[in-house]
Amino acid sequence: MQYNRIHGINIAVRDLDQWTRRFEEVFEVRSSPVDESGFAFPGLRGSSFDIGGFHLNLIASEADPTSVSRFLDRRGEGVFLLSVGVEDVEEATRELRESGLTPILEKPVRGDGHAGVNFTHPRDMAGVQLEFIEVPR
């Protein structure tokens, strides 16, 4: 599988506005809002920070149940997933299955606000959900 790079991390938060302000202050960079169309699943909104090409995203759940709301209930705020750039998300999904990992989605999802994405189940990677996102080189 061709990995482009570690694309970024997503951090689950309860109060998106509070944490967006805090991260803007600390990193001295403005965030870009991400509405529901920017996610593979409905009910989420977020803030995205481009920090030298690394994407740090804060994600909040606007509805129940979402994977983010379940994560927050079980673990509290914190790192929700690690995002890995791949050249071809369809190929990456096939290779995940062949290596014994469990993709969350049968087929990768493509949408208005994002490239093709798929995810591994956290139990396959020491409790960390991996996102494989199609990112051009």
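The table for this structure:
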quantity: Between helix 89-98 and the chain: long-axis angle, C-alpha atoms, 0 to 90°, nearest 10; calculated: 60 degrees
quantity: Loop-located GluC sites (Glu not before Pro) in the stretch 32-137, at most 15 other Cβ atoms within 10 Å (DSSP); calculated: 62, 77, 87, 106
quantity: Percent antiparallel among DSSP beta bridges (both partners in the chain, rounded to 5); calculated: 70 percent
quantity: Label of the coordinate-derived value, Kirkwood radius over Cα pairs in Å, listed as [x] 18.4; [y] 15.3; [z] 14.8; calculated: [y]
quantity: Principal-axis tilt of helix 16-27 within the chain, Cα atoms, nearest 10 degrees; calculated: 90 degrees
quantity: Trypsin sites (Lys or Arg not before Pro) within the stretch 1-100, DSSP loop, no more than 12 other Cβ atoms inside 10 Å; calculated: 30
quantity: For residue 62, distant residues with modelled amide H under 5 Å away; calculated: 44, 45
quantity: Sparse-neighbourhood loop sites, chymotrypsin sites (Phe, Trp or Tyr not before Pro) in the stretch 40-133 - DSSP loop, at most 15 other Cβ within 10 angstrom; calculated: none
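A short reminder: the numbers here are calculations on the coordinates, not readings from a lab. Note that this is a predicted model, so its numbers are computed, not measured. Neighbour counts are summed over all protein chains in view; Cβ atoms, including those assigned to glycine, are modelled from backbone coordinates with ideal geometry.
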